[in-house]
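What follows draws every value from the coordinates through simple rules; no lab data is involved. Remember, it's a predicted structure, so these values are computed and weren't measured experimentally. Neighbour counts run over all protein chains shown; Cβ positions are idealised from the backbone, glycine included.
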Amino acid sequence: MSFFEGFYKAIANSFNGLSVIFEKGLWPYLFYPLVLWLMMWGFSIWIFANIANQITETINQKLSINDIPDTGAWLSFAKPFLTGYFSIIIAWILRLIFIVISSTFFRYLTLIFLSPLFALLSESLEEKTTGKKYSFNAIQLVKDIFRGIGISLRNMLFEYFIMALSFVITIFFPPLIVVTAPLLLFISWYFIGFTMLDYNFERHKMSISQSIHFARKNKGTACGIGALYYFLMMLPSVIGMMFAPVIAVVGATICFLQIKNETLSVKN
């Protein structure tokens with residue numbers, strides 16, 4: 001399957017999954033991400049606003065802006081700007097940076113906290129669509145939860161590393177932003193799609209190396225799932241947070257089962 005074929009099929013399956021959510025009685029899962037997101041959103045607004053204000057005050061103190069005389073000094077004419085608009089601009093720039101960093105962090109944090117529920121959602125969907133039943137095993141469930149957390153942390157650290165590397169490259173070679181910007185977007189899509197697909201990898205007892213190989217082999221599918229998740233999250237907060245994670249999990253499950261069946265058909 002080519003990259004673009006997998007990409008478009010993943011988006012189509014995810015949209016089809018929206019009707020499956022209601023047909024199979026899985027709609028209660030829509031509310032769990034919303035509740036968690038509201039809690040984290042309130043906390044992040046409070047913590048990052050305080051951090052931004054603290055850094056702004058430190059910058060003002062280090063630069064001794066408030067000590068500039070009102071008249072007679074070469075920066076006296078700029079003091080109203082430096083003590084007023086400058087502080088506001090710095091604070092908003094810092095908040096923007098924190099938003100970019102925290103958006104990735106909280107995106108993965110949501111997936112980590114809700115990993116058991118999303119694994120259960122993926123399992124329930126497979127049972128309802130294929131009729132295959134999975135017996136409950138508490139020990140295996142705990143292993144799967146820790147594995148899911150590990151995969152999410154791995155993907156998050158890789159994404160942060162690539163973001164930092166791209167940022168450094170862009171500083172020294174600004175024209176390369178036309179390459180690094182779309183590259184970062186596709187990388188973000190890939191890692192999110194990988195995380196969504198991993199709920200299936202866990203259930204089918206695939207090792208981490210096998211999971212990585214599957215995701216790399218089906219990069220288009222992973223990117224398609226991640227792209228839809230990414231753009232759904234850009235919708236008004238309540239709608240995006242309700243539908244994006246659940247639709248992505250359902251879409252990933254449908255895609256995984258299709259790829260697995262196609263692979264078995266080719267072998268036979």
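Side notes on the structure shown:
- Spacing of the modelled spin labels on GLN210 and PHE158, each 7 Å from Cα toward Cβ, amounts to 1.8 nm.
- Across region 126-268, the mean sequence separation of Cα contacts (distance under 8 Å, 6 or more residues apart), normalised by length, yields a relative contact order of 22 percent.
- Ordering of 223-231, 156-164 by packing [mean C-beta count within 10 Å, highest first]: 223-231, 156-164
- Computed label-point distance, nm, for sites TYR8 and GLU262 using a 7 Å Cα→Cβ extension: 1.3
- Each peptide in 7-13, 149-155 gets a packing score, the mean of other Cβ atoms within 10 Å over its residues, and the list from highest to lowest is 7-13, 149-155.
- Under 15 Å, Cβ to Cβ, from LEU26 - net charge with Lys/Arg +1 and Asp/Glu -1: -2
- Computed lengthening from SER135 to ILE171, 0.36 nm per intervening residue step minus Cα-Cα distance: 7.6 nm
- Set against the 2.2 N^0.38 Å expectation for a compact globular protein, region 133-245 has a Cα radius of gyration ratio of 1.23.
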